[in-house]
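Worksheet for the structure shown next.
Every number in this text was worked out from the coordinates using simple rules, so none of it is lab data. Keep in mind that this is a model prediction, so the values were computed, not measured. All Cβ positions, glycine included, derive from the backbone under ideal geometry; neighbour counts span all protein chains shown.
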């Protein structure tokens with residue numbers, strides 16, 4: 001995701017492991033991952049896949065929601081507003097995909113569209129954070 005801060009706390013694996021009276025080494029052995037990988041999860045410098053997170057939840061006997069940092073978010077209608085902006089941009093001729101040499105859309109996203117939508121979201125969030 002754009003704008004993610006390095007080492008932002010996204011998971012609670014370290015706390016859940018301690019609460020289960022287990023060690024990071026044991027969790028690494030059970031999941032068959034390098035112990036340094038679990039260490040990176042514990043410091044939030046990297047994150048496990050959802051499948052691994054689910055297996056960790058099974059092993060630690062905790063709900064997956066206890067393994068993820070919860071964040072309360074205010075509903076502002078951002079996704080709907082961004083969807084409307086995407087529609088408006090497409091109607092104005094901005095293609096969401098890059099075009100090949102024949103003018104046909106490729107599977108790659110158009111960097112212009114990405115920038116336009118990301119800028120729209122940033123401005124929308126700034127406007128609504130003041131409310």
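At a glance:
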{"read-out": "Residue count, region 67-99 (criterion: in contact with a helix residue (DSSP H, G or I) (Cβ under 9 Å, 6 or more places away or on another chain) and surrounded by fewer than 12 Cβ atoms within 10 Å (Cβ to Cβ))", "value": "2"}
{"read-out": "Within region 5-24, tally of residues that are more than 19 Å from the chain's Cα centre (by Cα), over 13 Å from residue 69 (Cβ atoms) and touching a residue at least 12 places away in the same chain (Cβ under 8 Å)", "value": "5"}
